1. Can Asp350 be described as in a loop (DSSP other than H, G, I, E, B), over 19 Å from Asn191 (Cβ atoms) and not hydroxyl-bearing (Ser, Thr, Tyr)?
2. Which one is farthest from the chain's Cα centre (by Cα), of the residues in segment 458-504 that are part of a strand (DSSP E or B) and closer than 20 Å to Ile425 by Cα?
3. If only one of Ile70, Ile75, Ile120, Ile86 is touching a strand residue (DSSP E or B) at 6+ places or on another chain (Cβ under 6 Å) and more than 25 Å from Met230 (Cβ to Cβ), which one is it?
4. Those residues that are touching a helix residue (DSSP H, G or I) at 6+ places or on another chain (Cβ under 9 Å) and closer than 16 Å to Val112 by Cβ, I need them from segment 77-97; list them, please.
5. Leu236: assigned to a strand (DSSP E or B), touching a residue at least 12 places away in the same chain (Cβ under 8 Å) and in contact with a His (Cβ under 8 Å, 6 or more places away or on another chain), yes or no?
6. Since Ser443 meets every condition but one in (1) over 23 Å from Leu312 (Cα atoms); (2) assigned by TED's automatic domain parsing to the domain that holds Asp496; (3) without any contact (Cβ under 8 Å) to a residue 40 or more places away in the chain, which condition does it not meet?
7. Whether any residue in segment 202-214 is of a type outside the set (S, T, N, Q) and over 21 Å from Gly307 (Cα atoms) is what I want to check.
8. Kindly indicate the residue of segment 293-307 that is touching a helix residue (DSSP H, G or I) at 6+ places or on another chain (Cβ under 8 Å) and touching a residue at least 60 places away in the same chain (Cβ under 8 Å) and also surrounded by the fewest Cβ atoms within 10 Å (Cβ to Cβ) among those meeting that condition.
Amino acid sequence: MERFNNPDVIITAAMAGHARWRGGKTAVVCGDKRLTWDAFNRRLNRVANGLIRRGLKQGDKVSMLMTNSIEMVEILFGTVKAGGVIVPLSAMVPGDSLARMIDNSDSRFLFVADKLISEIEPHRPGFKNIAADGFFAVGAVPEGWRDYEQWLADSSETEVYIELTYEDPFNIMYTSGTTGVPKGILHTHHNRFHFAAMFAIDFRIDSAARNLVTTSLYANGTWLTFLPTMFVGGTLVIMPQFDTVECLRLIQDEKCTHTFMVPTQLNMLNELPAFDQYDLSSMNVWLSAGSPLLKQEKESIIERFPGELIELWGLTEGVATTLKPEDMQAKMGSIGLPPVGWDVGIIDDDGNRLPSGEIGEIIAFSSFLMPEYYKLPDKTAEAIWRDEQGKTFLKTGDMGKIDEDGFLYILDRKKDMIISGGINIFASDIEEVLAKHPGVQGSTVIGVPHKKWGETPVALVVLYPGESATAEEITQWLNSQLAKFQRVSQVIIWDDFPRNAMGKILKKELRDEYAQALP
(Lines give C-alpha, C1' and ligand atoms only; values in the text may rest on other atoms or scores of the structure.)
Protein backbone atom coordinates (compact mmCIF):
# COMPACT_ATOMS: atom_id res chain seq x y z
CA MET A 1 0.00 0.00 0.00
CA GLU A 2 1.36 3.39 -1.01
CA ARG A 3 1.65 5.96 1.80
CA PHE A 4 2.87 9.54 2.02
CA ASN A 5 6.14 9.97 3.85
CA ASN A 6 6.26 12.42 6.73
CA PRO A 7 9.71 14.03 6.86
CA ASP A 8 10.85 16.04 9.87
CA VAL A 9 10.51 19.81 9.51
CA ILE A 10 14.03 21.23 9.33
CA ILE A 11 14.42 24.97 9.98
CA THR A 12 16.59 25.64 6.93
CA ALA A 13 14.04 23.86 4.72
CA ALA A 14 11.37 26.18 6.09
CA MET A 15 13.63 29.12 5.24
CA ALA A 16 13.98 27.86 1.65
CA GLY A 17 10.19 27.90 1.54
CA HIS A 18 10.18 31.56 2.54
CA ALA A 19 12.51 32.29 -0.37
CA ARG A 20 10.03 30.58 -2.70
CA TRP A 21 6.79 32.05 -1.37
CA ARG A 22 7.88 35.47 -0.10
CA GLY A 23 11.14 35.92 -1.98
CA GLY A 24 10.82 39.69 -2.40
CA LYS A 25 10.27 40.33 1.29
CA THR A 26 13.18 41.66 3.36
CA ALA A 27 14.79 38.87 5.39
CA VAL A 28 17.77 40.59 7.05
CA VAL A 29 18.94 44.16 7.61
CA CYS A 30 22.28 45.24 9.05
CA GLY A 31 23.60 48.76 8.60
CA ASP A 32 23.23 49.69 4.96
CA LYS A 33 22.92 46.05 3.83
CA ARG A 34 19.54 44.48 3.08
CA LEU A 35 18.75 41.07 1.65
CA THR A 36 15.41 39.72 0.50
CA TRP A 37 14.48 36.16 1.40
CA ASP A 38 15.35 35.08 -2.15
CA ALA A 39 18.79 36.74 -2.08
CA PHE A 40 19.47 35.54 1.47
CA ASN A 41 18.59 31.93 0.61
CA ARG A 42 20.84 32.04 -2.44
CA ARG A 43 23.75 33.06 -0.21
CA LEU A 44 22.90 30.24 2.19
CA ASN A 45 23.11 27.85 -0.75
CA ARG A 46 26.51 29.25 -1.69
CA VAL A 47 27.80 28.65 1.86
CA ALA A 48 26.34 25.13 1.92
CA ASN A 49 27.58 24.15 -1.56
CA GLY A 50 31.00 25.66 -0.86
CA LEU A 51 31.40 23.62 2.32
CA ILE A 52 30.22 20.42 0.67
CA ARG A 53 32.63 20.98 -2.23
CA ARG A 54 35.47 21.40 0.26
CA GLY A 55 34.64 18.05 1.84
CA LEU A 56 32.16 18.75 4.61
CA LYS A 57 30.26 15.58 5.53
CA GLN A 58 26.98 15.40 7.40
CA GLY A 59 27.64 15.92 11.10
CA ASP A 60 30.96 17.74 10.61
CA LYS A 61 31.50 20.72 12.93
CA VAL A 62 32.07 24.30 11.74
CA SER A 63 33.24 26.96 14.20
CA MET A 64 32.65 30.67 13.71
CA LEU A 65 34.11 33.58 15.65
CA MET A 66 32.13 36.55 14.40
CA THR A 67 30.59 39.84 15.38
CA ASN A 68 26.96 40.66 14.54
CA SER A 69 26.52 40.82 10.78
CA ILE A 70 24.51 39.33 7.92
CA GLU A 71 27.54 37.18 7.10
CA MET A 72 27.37 35.61 10.56
CA VAL A 73 23.75 34.59 10.00
CA GLU A 74 24.39 33.15 6.56
CA ILE A 75 27.40 31.12 7.78
CA LEU A 76 25.27 29.76 10.61
CA PHE A 77 22.34 28.63 8.47
CA GLY A 78 24.48 27.73 5.45
CA THR A 79 26.44 25.30 7.62
CA VAL A 80 23.25 23.73 8.96
CA LYS A 81 21.77 23.52 5.46
CA ALA A 82 24.85 21.55 4.35
CA GLY A 83 24.26 19.05 7.14
CA GLY A 84 27.00 20.52 9.33
CA VAL A 85 26.92 21.41 13.01
CA ILE A 86 27.49 25.08 13.81
CA VAL A 87 29.72 26.06 16.76
CA PRO A 88 29.24 29.77 17.59
CA LEU A 89 32.17 31.11 19.63
CA SER A 90 32.12 34.03 22.03
CA ALA A 91 34.15 37.09 21.03
CA MET A 92 34.61 37.82 24.75
CA VAL A 93 36.67 34.67 25.38
CA PRO A 94 40.51 34.84 25.13
CA GLY A 95 42.36 33.07 22.34
CA ASP A 96 43.69 30.11 24.32
CA SER A 97 40.17 29.29 25.54
CA LEU A 98 38.79 29.65 22.02
CA ALA A 99 41.43 27.22 20.81
CA ARG A 100 40.32 24.66 23.40
CA MET A 101 36.72 24.99 22.26
CA ILE A 102 37.59 24.64 18.58
CA ASP A 103 39.61 21.50 19.28
CA ASN A 104 37.04 20.08 21.70
CA SER A 105 34.26 20.50 19.13
CA ASP A 106 36.27 18.61 16.45
CA SER A 107 35.65 21.49 14.04
CA ARG A 108 36.84 20.99 10.45
CA PHE A 109 36.30 24.59 9.31
CA LEU A 110 36.67 27.98 10.97
CA PHE A 111 35.15 31.32 9.94
CA VAL A 112 36.52 34.44 11.66
CA ALA A 113 35.76 38.15 11.40
CA ASP A 114 38.91 40.02 10.38
CA LYS A 115 39.20 42.04 13.61
CA LEU A 116 39.18 38.82 15.69
CA ILE A 117 41.81 36.92 13.70
CA SER A 118 44.57 38.06 16.06
CA GLU A 119 42.94 35.98 18.82
CA ILE A 120 43.16 32.84 16.68
CA GLU A 121 46.36 33.25 14.66
CA PRO A 122 48.83 32.16 17.40
CA HIS A 123 46.89 28.92 17.90
CA ARG A 124 46.44 27.91 14.27
CA PRO A 125 49.32 25.40 14.14
CA GLY A 126 47.70 23.39 16.94
CA PHE A 127 44.31 22.82 15.29
CA LYS A 128 44.45 19.15 14.45
CA ASN A 129 41.17 18.84 12.52
CA ILE A 130 41.25 21.94 10.29
CA ALA A 131 43.10 21.73 6.99
CA ALA A 132 45.23 24.64 5.81
CA ASP A 133 42.48 25.74 3.40
CA GLY A 134 39.76 25.48 6.08
CA PHE A 135 40.37 28.93 7.59
CA PHE A 136 38.07 31.68 6.24
CA ALA A 137 38.41 35.41 6.93
CA VAL A 138 35.35 37.65 6.70
CA GLY A 139 36.47 41.17 5.81
CA ALA A 140 40.16 41.98 5.33
CA VAL A 141 42.09 38.81 4.46
CA PRO A 142 45.54 38.21 6.00
CA GLU A 143 48.06 35.83 4.50
CA GLY A 144 47.17 32.18 4.93
CA TRP A 145 43.42 32.74 5.16
CA ARG A 146 40.77 32.22 2.47
CA ASP A 147 38.70 35.20 1.35
CA TYR A 148 35.11 34.49 2.40
CA GLU A 149 33.47 36.66 -0.26
CA GLN A 150 35.66 35.28 -3.05
CA TRP A 151 34.95 31.72 -1.89
CA LEU A 152 31.23 32.53 -1.83
CA ALA A 153 31.36 33.99 -5.33
CA ASP A 154 32.95 30.76 -6.60
CA SER A 155 30.21 28.60 -5.03
CA SER A 156 26.94 27.49 -6.57
CA GLU A 157 23.51 28.97 -5.78
CA THR A 158 21.79 25.66 -6.55
CA GLU A 159 19.27 24.68 -3.87
CA VAL A 160 20.81 22.25 -1.38
CA TYR A 161 18.92 19.28 0.01
CA ILE A 162 20.53 17.09 2.65
CA GLU A 163 18.25 14.51 4.26
CA LEU A 164 18.29 15.48 7.93
CA THR A 165 16.21 14.16 10.80
CA TYR A 166 15.32 15.54 14.20
CA GLU A 167 18.02 13.36 15.78
CA ASP A 168 20.83 14.98 13.80
CA PRO A 169 22.91 17.60 15.66
CA PHE A 170 22.28 21.29 14.93
CA ASN A 171 24.78 23.17 17.12
CA ILE A 172 27.27 23.05 19.98
CA MET A 173 27.27 26.05 22.32
CA TYR A 174 29.95 26.54 24.95
CA THR A 175 28.96 28.03 28.28
CA SER A 176 32.35 27.59 29.93
CA GLY A 177 35.91 26.74 29.04
CA THR A 178 37.94 29.78 30.07
CA THR A 179 39.96 27.28 32.11
CA GLY A 180 40.09 23.49 32.03
CA VAL A 181 37.85 21.34 29.86
CA PRO A 182 35.25 23.26 27.83
CA LYS A 183 31.60 22.32 28.39
CA GLY A 184 29.75 22.22 25.09
CA ILE A 185 25.97 21.97 24.93
CA LEU A 186 24.77 19.86 22.01
CA HIS A 187 21.36 20.59 20.47
CA THR A 188 19.65 18.54 17.80
CA HIS A 189 17.31 19.60 15.01
CA HIS A 190 14.46 18.35 17.21
CA ASN A 191 15.59 20.72 19.97
CA ARG A 192 15.90 23.72 17.71
CA PHE A 193 12.62 23.10 15.88
CA HIS A 194 10.74 23.04 19.19
CA PHE A 195 12.74 26.02 20.47
CA ALA A 196 11.74 28.07 17.42
CA ALA A 197 8.12 26.90 17.34
CA MET A 198 7.38 27.16 21.07
CA PHE A 199 8.93 30.60 21.49
CA ALA A 200 7.21 31.86 18.33
CA ILE A 201 3.95 30.96 20.09
CA ASP A 202 5.01 32.36 23.48
CA PHE A 203 6.36 35.64 22.09
CA ARG A 204 3.63 36.16 19.46
CA ILE A 205 6.10 36.00 16.56
CA ASP A 206 4.71 35.46 13.05
CA SER A 207 5.75 36.33 9.49
CA ALA A 208 4.92 40.01 10.12
CA ALA A 209 7.48 40.20 12.94
CA ARG A 210 10.42 42.57 12.58
CA ASN A 211 12.88 41.51 15.27
CA LEU A 212 15.63 43.88 16.43
CA VAL A 213 18.80 42.01 17.43
CA THR A 214 20.58 44.03 20.14
CA THR A 215 22.76 41.30 21.69
CA SER A 216 25.49 39.02 20.37
CA LEU A 217 24.35 36.42 17.86
CA TYR A 218 26.66 33.78 19.32
CA ALA A 219 24.66 33.80 22.58
CA ASN A 220 21.72 31.46 23.07
CA GLY A 221 19.69 34.27 24.65
CA THR A 222 19.76 36.16 21.35
CA TRP A 223 18.33 33.09 19.64
CA LEU A 224 15.14 33.37 21.75
CA THR A 225 13.66 35.81 19.22
CA PHE A 226 16.20 35.43 16.39
CA LEU A 227 15.49 31.78 15.58
CA PRO A 228 11.66 32.01 15.73
CA THR A 229 11.78 35.07 13.43
CA MET A 230 13.81 33.19 10.82
CA PHE A 231 11.66 30.07 11.20
CA VAL A 232 8.37 31.87 10.49
CA GLY A 233 9.72 34.13 7.73
CA GLY A 234 9.85 37.46 9.50
CA THR A 235 12.51 40.16 9.19
CA LEU A 236 15.71 40.40 11.22
CA VAL A 237 17.17 43.86 11.96
CA ILE A 238 20.70 43.38 13.31
CA MET A 239 22.65 45.91 15.37
CA PRO A 240 26.41 45.38 14.89
CA GLN A 241 26.76 46.66 18.45
CA PHE A 242 24.30 48.05 20.97
CA ASP A 243 23.80 51.79 21.25
CA THR A 244 20.78 53.28 23.02
CA VAL A 245 20.03 56.07 20.56
CA GLU A 246 20.63 53.88 17.50
CA CYS A 247 18.39 51.22 19.05
CA LEU A 248 15.49 53.65 19.35
CA ARG A 249 16.11 55.01 15.85
CA LEU A 250 16.01 51.52 14.36
CA ILE A 251 12.78 50.66 16.16
CA GLN A 252 11.24 53.85 14.79
CA ASP A 253 12.58 53.69 11.23
CA GLU A 254 12.38 49.91 10.69
CA LYS A 255 9.03 49.57 12.49
CA CYS A 256 10.40 46.82 14.70
CA THR A 257 7.88 44.69 16.57
CA HIS A 258 10.00 42.45 18.82
CA THR A 259 13.33 42.51 20.59
CA PHE A 260 15.28 40.59 23.20
CA MET A 261 17.31 42.60 25.71
CA VAL A 262 19.04 41.99 29.00
CA PRO A 263 17.85 44.10 31.96
CA THR A 264 20.87 46.40 31.73
CA GLN A 265 19.88 47.42 28.19
CA LEU A 266 16.23 47.98 29.09
CA ASN A 267 17.23 50.14 32.04
CA MET A 268 19.64 52.14 29.87
CA LEU A 269 16.81 52.88 27.44
CA ASN A 270 14.48 53.79 30.28
CA GLU A 271 17.01 56.28 31.67
CA LEU A 272 17.76 57.88 28.29
CA PRO A 273 16.57 61.51 28.22
CA ALA A 274 15.68 61.20 24.52
CA PHE A 275 13.49 58.11 25.01
CA ASP A 276 10.18 59.94 24.52
CA GLN A 277 11.36 61.62 21.32
CA TYR A 278 11.10 58.40 19.29
CA ASP A 279 8.01 56.71 17.87
CA LEU A 280 8.12 53.19 19.32
CA SER A 281 4.46 52.41 18.68
CA SER A 282 5.29 49.48 16.37
CA MET A 283 6.70 47.47 19.27
CA ASN A 284 4.63 44.48 20.38
CA VAL A 285 7.00 42.57 22.69
CA TRP A 286 10.05 43.45 24.77
CA LEU A 287 11.63 40.21 25.99
CA SER A 288 13.91 40.37 29.03
CA ALA A 289 16.20 37.50 30.08
CA GLY A 290 19.75 36.82 31.24
CA SER A 291 19.21 38.07 34.79
CA PRO A 292 16.14 39.07 36.81
CA LEU A 293 14.44 42.42 36.44
CA LEU A 294 13.80 44.06 39.79
CA LYS A 295 10.17 44.73 40.67
CA GLN A 296 10.47 48.51 40.34
CA GLU A 297 12.24 48.11 36.99
CA LYS A 298 9.40 45.96 35.66
CA GLU A 299 6.81 48.45 36.85
CA SER A 300 8.59 51.35 35.17
CA ILE A 301 9.04 49.49 31.86
CA ILE A 302 5.40 48.35 31.80
CA GLU A 303 4.23 51.91 32.42
CA ARG A 304 6.54 53.64 29.95
CA PHE A 305 7.30 51.25 27.07
CA PRO A 306 4.73 50.67 24.31
CA GLY A 307 3.85 47.03 23.72
CA GLU A 308 4.15 44.22 26.23
CA LEU A 309 6.93 43.04 28.53
CA ILE A 310 7.70 39.32 28.76
CA GLU A 311 10.31 37.99 31.17
CA LEU A 312 12.08 34.68 30.68
CA TRP A 313 14.16 32.48 32.92
CA GLY A 314 16.12 29.75 31.20
CA LEU A 315 19.37 27.90 30.65
CA THR A 316 21.22 27.26 27.41
CA GLU A 317 20.92 23.54 28.17
CA GLY A 318 17.30 23.87 27.12
CA VAL A 319 14.77 24.77 29.82
CA ALA A 320 12.71 27.90 30.37
CA THR A 321 9.69 29.57 31.90
CA THR A 322 8.05 32.80 30.78
CA LEU A 323 6.09 35.45 32.66
CA LYS A 324 3.45 36.69 30.22
CA PRO A 325 1.90 40.17 30.15
CA GLU A 326 -1.46 38.81 31.30
CA ASP A 327 0.19 37.43 34.47
CA MET A 328 2.67 40.26 35.07
CA GLN A 329 0.65 42.29 37.57
CA ALA A 330 -0.62 39.38 39.65
CA LYS A 331 2.69 37.50 39.69
CA MET A 332 5.19 40.36 39.45
CA GLY A 333 7.82 38.62 41.59
CA SER A 334 7.77 35.33 39.67
CA ILE A 335 9.35 34.32 36.39
CA GLY A 336 6.27 32.58 35.14
CA LEU A 337 5.18 29.20 33.88
CA PRO A 338 6.78 26.70 31.49
CA PRO A 339 5.55 26.72 27.87
CA VAL A 340 3.00 24.09 26.82
CA GLY A 341 4.25 20.55 27.42
CA TRP A 342 7.32 21.64 29.39
CA ASP A 343 7.68 21.16 33.15
CA VAL A 344 9.47 22.48 36.26
CA GLY A 345 9.79 21.20 39.83
CA ILE A 346 11.69 21.70 43.07
CA ILE A 347 13.85 19.08 44.81
CA ASP A 348 15.72 18.94 48.10
CA ASP A 349 19.38 17.99 48.57
CA ASP A 350 18.42 14.29 48.60
CA GLY A 351 16.61 14.54 45.28
CA ASN A 352 13.07 14.40 46.65
CA ARG A 353 10.35 16.53 45.04
CA LEU A 354 9.13 19.31 47.29
CA PRO A 355 5.56 20.66 47.55
CA SER A 356 4.53 24.19 46.59
CA GLY A 357 5.97 26.93 48.73
CA GLU A 358 9.12 25.06 49.78
CA ILE A 359 12.58 26.19 48.67
CA GLY A 360 14.99 23.89 46.85
CA GLU A 361 16.84 23.32 43.58
CA ILE A 362 14.87 23.88 40.39
CA ILE A 363 14.59 20.95 37.99
CA ALA A 364 13.13 21.35 34.52
CA PHE A 365 12.16 19.47 31.38
CA SER A 366 11.42 20.63 27.84
CA SER A 367 11.36 19.44 24.24
CA PHE A 368 14.37 21.74 23.75
CA LEU A 369 16.43 19.99 26.45
CA MET A 370 19.88 19.02 25.19
CA PRO A 371 20.67 15.31 24.84
CA GLU A 372 24.14 15.76 26.31
CA TYR A 373 27.16 17.85 27.12
CA TYR A 374 29.40 17.13 24.15
CA LYS A 375 31.93 14.36 24.98
CA LEU A 376 31.25 14.76 28.73
CA PRO A 377 29.16 11.74 29.78
CA ASP A 378 29.95 12.19 33.48
CA LYS A 379 28.84 15.85 33.45
CA THR A 380 25.69 14.82 31.58
CA ALA A 381 24.89 12.12 34.14
CA GLU A 382 25.46 14.54 37.04
CA ALA A 383 22.92 16.97 35.59
CA ILE A 384 20.08 14.41 35.24
CA TRP A 385 17.20 13.93 37.68
CA ARG A 386 14.58 11.27 36.83
CA ASP A 387 10.96 11.26 37.89
CA GLU A 388 8.95 8.14 38.75
CA GLN A 389 8.17 7.55 35.05
CA GLY A 390 11.84 7.82 34.11
CA LYS A 391 11.52 11.23 32.41
CA THR A 392 14.84 13.10 32.53
CA PHE A 393 14.92 16.58 34.07
CA LEU A 394 17.84 19.00 34.18
CA LYS A 395 19.15 19.92 37.61
CA THR A 396 19.56 23.63 37.00
CA GLY A 397 21.63 24.75 39.99
CA ASP A 398 19.12 27.56 40.60
CA MET A 399 17.30 27.81 43.91
CA GLY A 400 13.61 28.62 43.86
CA LYS A 401 10.08 27.77 44.84
CA ILE A 402 6.74 27.19 43.10
CA ASP A 403 3.57 28.82 44.41
CA GLU A 404 0.10 27.26 44.66
CA ASP A 405 -0.71 28.40 41.10
CA GLY A 406 2.41 26.81 39.63
CA PHE A 407 4.38 30.02 39.10
CA LEU A 408 8.14 29.74 39.57
CA TYR A 409 10.19 32.10 41.73
CA ILE A 410 13.99 32.33 41.44
CA LEU A 411 15.89 33.00 44.66
CA ASP A 412 19.53 32.49 43.72
CA ARG A 413 22.06 30.25 42.06
CA LYS A 414 22.68 27.28 44.35
CA LYS A 415 26.40 28.04 44.33
CA ASP A 416 25.71 31.74 45.00
CA MET A 417 23.53 31.16 48.05
CA ILE A 418 25.21 32.53 51.18
CA ILE A 419 25.23 30.29 54.27
CA SER A 420 26.05 32.37 57.34
CA GLY A 421 25.98 30.69 60.72
CA GLY A 422 23.96 27.85 59.22
CA ILE A 423 21.27 30.20 57.86
CA ASN A 424 20.56 30.45 54.13
CA ILE A 425 20.74 34.02 52.82
CA PHE A 426 19.57 34.83 49.31
CA ALA A 427 21.55 37.62 47.70
CA SER A 428 18.54 38.62 45.58
CA ASP A 429 16.62 39.65 48.71
CA ILE A 430 19.37 42.10 49.67
CA GLU A 431 19.79 43.33 46.10
CA GLU A 432 16.06 44.15 45.92
CA VAL A 433 16.49 46.46 48.93
CA LEU A 434 19.65 48.06 47.54
CA ALA A 435 17.81 48.91 44.33
CA LYS A 436 15.63 51.31 46.32
CA HIS A 437 18.58 53.47 47.39
CA PRO A 438 18.45 56.66 45.30
CA GLY A 439 22.22 56.74 44.78
CA VAL A 440 22.73 53.09 43.78
CA GLN A 441 22.69 52.44 40.04
CA GLY A 442 23.51 48.75 40.32
CA SER A 443 24.48 46.19 42.94
CA THR A 444 25.37 42.60 43.57
CA VAL A 445 25.78 40.71 46.82
CA ILE A 446 28.28 37.91 47.36
CA GLY A 447 29.26 35.61 50.19
CA VAL A 448 32.74 36.23 51.58
CA PRO A 449 34.55 33.77 53.92
CA HIS A 450 34.18 34.67 57.60
CA LYS A 451 36.15 33.11 60.46
CA LYS A 452 33.18 32.99 62.82
CA TRP A 453 30.11 32.59 60.60
CA GLY A 454 31.61 30.63 57.71
CA GLU A 455 30.34 33.21 55.23
CA THR A 456 29.05 36.75 55.46
CA PRO A 457 27.21 38.87 52.87
CA VAL A 458 29.09 41.75 51.28
CA ALA A 459 27.35 44.26 48.99
CA LEU A 460 29.15 45.63 45.94
CA VAL A 461 27.53 48.71 44.45
CA VAL A 462 27.90 51.05 41.48
CA LEU A 463 26.73 54.61 42.12
CA TYR A 464 25.00 56.96 39.72
CA PRO A 465 27.37 59.55 38.19
CA GLY A 466 27.84 62.46 40.57
CA GLU A 467 26.46 60.53 43.56
CA SER A 468 28.40 61.25 46.79
CA ALA A 469 27.00 58.60 49.16
CA THR A 470 29.76 56.77 51.05
CA ALA A 471 30.04 53.05 51.62
CA GLU A 472 29.47 53.58 55.34
CA GLU A 473 26.27 55.57 54.74
CA ILE A 474 24.89 52.93 52.38
CA THR A 475 25.79 50.16 54.84
CA GLN A 476 23.85 51.84 57.63
CA TRP A 477 20.88 52.57 55.37
CA LEU A 478 20.82 49.01 54.02
CA ASN A 479 21.19 47.16 57.32
CA SER A 480 18.43 49.22 58.89
CA GLN A 481 16.02 47.63 56.41
CA LEU A 482 17.26 44.03 56.60
CA ALA A 483 16.59 41.22 59.02
CA LYS A 484 19.42 40.75 61.50
CA PHE A 485 20.68 37.55 59.83
CA GLN A 486 20.76 39.31 56.41
CA ARG A 487 22.84 42.31 57.38
CA VAL A 488 25.92 42.89 55.25
CA SER A 489 29.38 43.12 56.76
CA GLN A 490 30.31 45.93 54.45
CA VAL A 491 29.48 47.81 51.27
CA ILE A 492 32.19 48.24 48.66
CA ILE A 493 31.86 50.78 45.85
CA TRP A 494 32.87 49.68 42.34
CA ASP A 495 33.12 51.55 39.05
CA ASP A 496 31.52 48.63 37.17
CA PHE A 497 31.16 44.85 37.41
CA PRO A 498 32.59 42.13 35.16
CA ARG A 499 29.83 40.77 32.94
CA ASN A 500 29.28 38.07 30.34
CA ALA A 501 27.97 38.60 26.80
CA MET A 502 24.38 38.78 28.10
CA GLY A 503 25.26 41.46 30.66
CA LYS A 504 25.02 39.05 33.59
CA ILE A 505 27.35 39.91 36.48
CA LEU A 506 30.13 37.34 36.90
CA LYS A 507 29.84 36.65 40.62
CA LYS A 508 32.56 34.01 40.58
CA GLU A 509 35.13 36.59 39.52
CA LEU A 510 33.92 38.91 42.27
CA ARG A 511 34.10 36.18 44.90
CA ASP A 512 37.64 35.43 43.79
CA GLU A 513 38.50 39.08 44.55
CA TYR A 514 37.47 38.57 48.17
CA ALA A 515 38.60 35.01 48.79
CA GLN A 516 40.37 35.82 52.07
CA ALA A 517 38.31 35.34 55.22
CA LEU A 518 37.10 38.42 57.06
CA PRO A 519 37.83 38.58 60.82
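1. Numbers: in a loop (DSSP other than H, G, I, E, B): yes; over 19 Å from Asn191 (Cβ atoms): yes; not hydroxyl-bearing (Ser, Thr, Tyr): yes.
Criteria met by Asp350.
2. Just the residues of segment 458-504 that are part of a strand (DSSP E or B), to begin with: 458-463, 490-494, 499.
With closer than 20 Å to Ile425 by Cα added as a condition, the list becomes 458-461, 490-492.
Working: Val458: 28, Ala459: 26, Leu460: 25, Val461: 25, Gln490: 32, Val491: 30, Ile492: 29 Å.
Only one residue fits best here, namely Gln490.
3. On the way: Ile70 fails: more than 25 Å from Met230 (Cβ to Cβ); Ile75 fails: more than 25 Å from Met230 (Cβ to Cβ); Ile86 fails: more than 25 Å from Met230 (Cβ to Cβ).
Result: Ile120 is the single residue among Ile70, Ile75, Ile120, Ile86 that is touching a strand residue (DSSP E or B) at 6+ places or on another chain (Cβ under 6 Å) and more than 25 Å from Met230 (Cβ to Cβ).
4. Filtering segment 77-97 for residues touching a helix residue (DSSP H, G or I) at 6+ places or on another chain (Cβ under 9 Å) gives 77-91, 93-96.
Answer for segment 77-97, where residues must be touching a helix residue (DSSP H, G or I) at 6+ places or on another chain (Cβ under 9 Å) and closer than 16 Å to Val112 by Cβ: Gly78, Thr79, Ile86, Val87, Pro88, Leu89, Ser90, Ala91, Val93, Pro94, Gly95, Asp96.
5. No: the conditions fail for Leu236.
6. (1)
7. To start, the set of residues in segment 202-214 that are of a type outside the set (S, T, N, Q) comprises 202-206, 208-210, 212-213.
Next, only the ones that are over 21 Å from Gly307 (Cα atoms) stay: none.
Checking segment 202-214: not a single residue is of a type outside the set (S, T, N, Q) and over 21 Å from Gly307 (Cα atoms).
8. Lys295
The values are calculated or read from the model by the stated rules, or taken from the named source; none is laboratory data. Nothing here was measured: the structure is a model prediction, and the numbers come from that model. Positions of Cβ are generated from backbone atoms using ideal geometry, with glycine treated the same way; all protein chains shown enter the neighbour counts.
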